[in-house]
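> Sending over a structure as structure tokens; questions will come in a sec.
The values are calculated or read from the model by the stated rules, or taken from the named source; none is laboratory data. Keep in mind that what you see is a predicted model, and the values were worked out from it rather than measured. Note that each Cβ is placed from the backbone with ideal geometry, even for glycine, and that neighbours are counted across all protein chains shown. Just so you know, the surface numbers come from the protein's heavy atoms only, side chains and all, with ligands and any DNA or RNA stripped out. Shrake-Rupley method; radii C 1.70, N 1.55, O 1.52, S 1.80 Å.
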Amino acid sequence: QVQLMESGGGLVQAGGSLRLSCEASGRIFRINDMGWYRQAPGKQRELVTTMTSGGTTTYTDSVKGRFAITRGNAKNTVYLQMNTLKPEDTAVYYCHAKVQTGPLMSARDHWGQGTQVTVSL
């Protein structure tokens, strides 16, 4: 089993910053992509940002220049630094990882439980 544990959500005023963390644990052979998705009330879950094991990053347009994804040295952690937050960033943020549990296994999607980020005016 693979577990993703998130932390760092909360309530912040517009213009403020938050840092999310996610650590993967369990039966892990290799982690490929790690990243963050979010889901606002009444909306579909959307990609925020992702980083490959090689360090290539992707950001959704609405967060470019404000959010930054990094991965820890052990490669089983991922962080999301969120600056200049806006009310429209309010959502539940989910950590995502594509994980191989063995050398002959295909990489599969794993999700954290989600952490609430609320940005007030």
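> How charged is the neighbourhood of ASP89? Take every other residue with its Cβ under 9 Å from the Cβ of ASP89, and add Lys/Arg as +1 and Asp/Glu as -1.
+2
> Ignoring ligands and nucleic acids, what accessible area does HIS96 show with a 1.4 Å probe (Å², nearest 10)?
Spelled out: HIS96, probe radius 1.4 Å, area about 10 Å².
> Let me ask you something else. Go through the stretch 6-68 and name the trypsin sites (Lys or Arg not before Pro) that are in a DSSP coil and have 12 or fewer other Cβ atoms within 10 Å of their Cβ.
Loop-located and lightly packed - ARG27, LYS43, LYS64.
> Given TYR93, THR60, TYR79, which one lies farthest toward the positive end of the charge dipole of the stretch 5-94, if we put +1 on the Cβ of every Lys and Arg and -1 on the Cβ of every Asp and Glu?
In the stretch 5-94, that residue is TYR79.
> Provide the per residue accessible area, probe 1.4 Å, for the chain, rounded to a whole number of square angstrom.
It amounts to 54 Å² per residue over the chain.
> Compute and list, largest first, the equivalent-ellipsoid semi-axes of the chain from the alpha carbon gyration tensor, each √(5λ) rounded to a whole angstrom.
After diagonalising the Cα gyration tensor, the semi-axes are 26, 14, 12 Å.
> Show which lysines lie in cross-link reach of LYS75 when reach means a straight Cα distance below 20 angstrom and same-chain residues fewer than eight apart are skipped.
Once the sequence-local lysines are set aside, what remains near LYS75 is LYS98.
> Carbon and sulfur: what percent of the stretch 3-121's accessible surface (1.4 Å probe)?
Percent of accessible area from carbon and sulfur atoms in the stretch 3-121: 49.
> Could you give the size of the charge dipole of the stretch 42-121 about its Cα centre, using +1 on the Cβ of each K and R and -1 on the Cβ of each D and E, expressed in debye and rounded to the nearest 20?
For this selection, approximately 160 debye.
> Pulled fully out, how much extra length does the chain show between LEU121 and ASN32, if you take 0.36 nm times their separation in residues and subtract their Cα-Cα distance?
28.3 nm
> So which lysines pass the test for LYS86, namely a Cα distance under 23 Å, with those fewer than 8 places away in the same chain ruled out?
LYS86 reaches LYS43, LYS64.
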